[in-house]
Amino acid sequence: MNTDKITPQHRQRIALVYVRQSTMTQVLHNRESQQRQYALKEYAVTLGFRLADVIDEDLGRSGSGLVERPGFARLLERVCSGEVGGVLALEASRLARNNRDWHHLVDLCAMTDTLVIDYDGIYDARLLNDRLLLGLKGTMSEFELGLLRQRAQEALRRKIARGEVLHVPPVGYERTEDNRLELTPDLQIQQAIKSVFARFREMGSARQVLLWCRQEGLQLPTRDEHGRLVWRLPVFGRILRFLKNPAYAGAFVYGRTMRRTSIEEGRQKRTRGHRREPKEWTVALRDHHAGYITWADYEANQCTLLENSTLRGKMRSAVKSGAALLSGLLRCGHCGRPLHLTYTGNGGKHPRYYCRSATINHGGAACIRVGASRVDAAVVQQVLAALQPSGLDAARQAERLAEDQRSRKLETIRLAQQKARYEADRCRRQFEAVEPENRLVAAELERRWNAALAEVARLDAPLPIPQAAEAPLATAEIARLRALGADLTTAWEHPAAPPELKKRILRTVIEEIIVRLDSGKAVPTPPSAPEPPRAGSCSGTTEACAPHPGANSILTLTVHWAGGAHTTLQSITPARPAHPHATASDTVELIRQLATACADEQIAFVLNRNGHRTGKGLTWKAHNVADARRKHEIAAYLPDATQAWLTLAQTAAKLGMSPKTVRRLIASGSLPAQQIVAHAPWLIAPESLRLPRVVALAVNLKKTGRCGLPHANSPANLELSFS
């Protein structure tokens, strides 16, 4: 190799040896390549450099430019400092696999007079021929990586299209020698996975399945951090992986997640795990292998999980506790948005449905508020009437379901006991096969045998649940079950029937219910004792957001059944009765009139002088008036310069006389004025001050000091002074 390009100035500086391997597998197993790279340090000494340093922080890091390389960054920093005479690497691909990093290094070497050295030659980046060779080496290095990646990805795509990707099979499956998936031969694992899907089909909630498994102490198979199959109590994520993995439906799916590329700090960055929609999956092969459920069951499970997710803006959600049976089924007939649910009263015993979407989105008033109790009863009556013909069939199906649950549970216990006995027997054979003198091995095998025997004893012990749940249904219980099937109303109202079960039944047969509440004509006041609700009637405690006084409302429920049929329920609901301590309507109307001319203190004075009392029979105060105004949406009095009338004091100021004289003018009929009610302030029109008689009296008063009106102590003026 020609070393003429290495000048004494280069040798006075240090040489940097850059060591890199792409993956940790190469670092651990490709030792020869690693030793060759470290040998460059001795090679730098033979070339005459006074000192050689090794930079190996990037072992196990790719040079494609997608990951950070702190070692390469330190190399560039030291080259920029001018202390480096040469950069040594096994080949160009060790320094970089992308032209961005490679040309950046070449440019810095040209500016600082730093040589690039490998086993093939010595290159001066300031020379055109050497720069051309360095550019070709960098391009070939990047092309080589791209070519290798292209070949690997094309081979992977072809295997994916055939469903033969060599990945770790999900729990419950094993991969055969010809790359096919088949059910695991372990019946205990099969039974545990099937029980998860069966319970989800019955409960309709992944969380309820989790709670059931925890309550029953049912362990599920999973893989530990080393990939070994272990049995553990499930967590919520484990249940979801069973339900969301299409492999359990017999389908091979690839491409459920994707990568996204972004630019951060001038460097390309990729993130994984972004979910795709099913229609965007790369490969989806149905009937690829045997499944635990059908594809139709898988799609139904996904719809149920989506409906249970309240954060996705869906109308329905998972069934919750509470007395309201129609939550998640009601939609406002005025705005089309789902109705919300609230509980009022002491202890939240009174559920009510209301539409608050308009308030949230637009700041407007609620469209509708509907009491839940009798509305639920009316819909339930319709549902029970529709289901009554199939009541006996439902009773027989419930009987079979109870027997199936008992059989599945006993089968699960039997398989677990059988496997535990096998493990104990295997440990016994291992212990008996070892030489007694070899205590180091015999002690460990004895410990394993004792642990296996303890597991057998645990599984053989009585279960911590009532034995009645384990025994078959008695003849009397079967007869009782069939009697309830013949009378669904009694079964529905049975104290042992939980609200969650009732809600699931309603959601099964009803898609949604459209609710409208419109103002109707006045009808006679209903009797004090309300009539019991009739079939098809939903009369109950309902009100519109702003009902007219004395008016009734028409409540219309349009039930959309799951089969596509529609049923309309309509009833006239009386307006809410007045509160026993409500303010009298004439008093409210008087407050409405007085608020146009008086402040709250004056209104309270006028009401008390005229004998009006609050709803509780007390005298009026300013805060009582303010509360009444807010309740009935009456605006407060605000003096305004543009008002169409004058007060007594304002009139006196404009005429230049005392308020007492103005009262005398009003009493004599010389000055027109009006009063809302006795003892209320006088209201005087501004144009009344320009009447000839009023103007003459005002001028005469200014000249003579007398206006020529009756004396202030006359009967008319005495009566007026009290106002």
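Could you list, in sequence order, all residues of region 409-435 that are touching a residue at least 24 places away in the same chain (Cβ under 8 Å), among the acidic types (Asp, Glu) and either under 15 Å from Ala457 (Cα atoms) or outside any helix (DSSP H, G or I) (or both)? Hit for region 409-435 is Glu423, nothing else. A residue that is under 18 Å from Ala584 (Cβ atoms), outside the structural domain of His679 (by TED's automatic domain parsing) and among the small types (Gly, Ala, Ser) occurs nowhere in region 629-640. The condition (being surrounded by fewer than 18 Cβ atoms within 10 Å (Cβ to Cβ) and either farther than 28 Å from Glu32 by Cα or of a type in the set (Val, Ile, Thr) (or both)) is satisfied by just one residue among Cys80, Cys109: Cys80. Does region 245-261 include one or more residues that are over 27 Å from Lys159 (Cα atoms) and either not assigned by TED's automatic domain parsing to the domain that holds Glu411 or not small (Gly, Ala, Ser) (or both)? Within region 245-261 (the criterion being over 27 Å from Lys159 (Cα atoms) and either not assigned by TED's automatic domain parsing to the domain that holds Glu411 or not small (Gly, Ala, Ser) (or both)), the answer is no, since none of the residues qualifies.
Listed here are the helices (runs of 4 or more DSSP H) enclosed by region 436-523 that have at least 2 residues being at pLDDT 65 or above: 439-460, 488-492, 499-509. Could you go through region 686-696 and let me know if any residue there is in the same structural domain as Lys654 (by TED's automatic domain parsing), assigned to a helix (DSSP H, G or I), more than 29 Å from Cys598 (Cα to Cα) and among the aliphatic types (A, V, I, L, M). Taking every residue of region 686-696 in turn, at least one turns out to be in the same structural domain as Lys654 (by TED's automatic domain parsing), assigned to a helix (DSSP H, G or I), more than 29 Å from Cys598 (Cα to Cα) and among the aliphatic types (A, V, I, L, M).
Screening Glu68, Glu57 for residues that are more than 15 Å from Val116 (Cα to Cα) and at pLDDT 90 or above leaves exactly one candidate, Glu57. I'd like to know if region 624-633 contains one or more residues that are out of contact with any strand residue (DSSP E or B) (no Cβ under 9 Å at 6 or more places or on another chain), at negative phi, part of a loop (DSSP other than H, G, I, E, B) and at pLDDT below 90. Among the residues of region 624-633, at least one is out of contact with any strand residue (DSSP E or B) (no Cβ under 9 Å at 6 or more places or on another chain), at negative phi, part of a loop (DSSP other than H, G, I, E, B) and at pLDDT below 90, which makes the answer yes. Per this entry, Ala716 is not counted among residues that are under 60 Å from the mean Cα position of the chain (by Cα), under 27 Å from Leu590 (Cα atoms) and either at pLDDT below 80 or in the same structural domain as Ile591 (by TED's automatic domain parsing) (or both).
Note on region 93-118: residues that are under 14 Å from Leu40 (Cβ atoms) and without any contact (Cβ under 8 Å) to a residue 60 or more places away in the chain amount to 2.
A single entry from Ser262, Ser195 fulfils the requirement of being polar (S, T, N, Q) and in a helix (DSSP H, G or I): Ser195.
Go through region 199-230 and report how many residues are small (Gly, Ala, Ser) and crowded, with 18+ Cβ neighbours inside 10 Å. Of the residues in that region, 3 qualify. So, in region 602-628, of the ones that are over 16 Å from Val588 (Cβ atoms) and touching a residue at least 60 places away in the same chain (Cβ under 8 Å), which residue ends up surrounded by the fewest Cβ atoms within 10 Å (Cβ to Cβ)? Among them, the one singled out is Arg609.
Yes/no matrix, rows are residues, columns are (1) within 55 Å of the chain's Cα centre (by Cα); (2) touching a residue at least 24 places away in the same chain (Cβ under 8 Å); (3) surrounded by 15 or more Cβ atoms within 10 Å (Cβ to Cβ):
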| residue | (1), (2), (3) |
| --- | --- |
| Ile6 | no, yes, yes |
| Gln9 | no, yes, no |
| Gln12 | no, yes, no |
| Thr25 | yes, no, no |
| Glu32 | yes, no, no |
| Ala39 | no, no, no |
| Val45 | no, no, no |
| Ala52 | no, yes, yes |
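The values are calculated or read from the model by the stated rules, or taken from the named source; none is laboratory data. Since we're looking at a predicted model, the values are computed, not measured. FYI the Cβ positions are ideal-geometry reconstructions off the backbone, even for glycines, and counts take in every protein chain you see.
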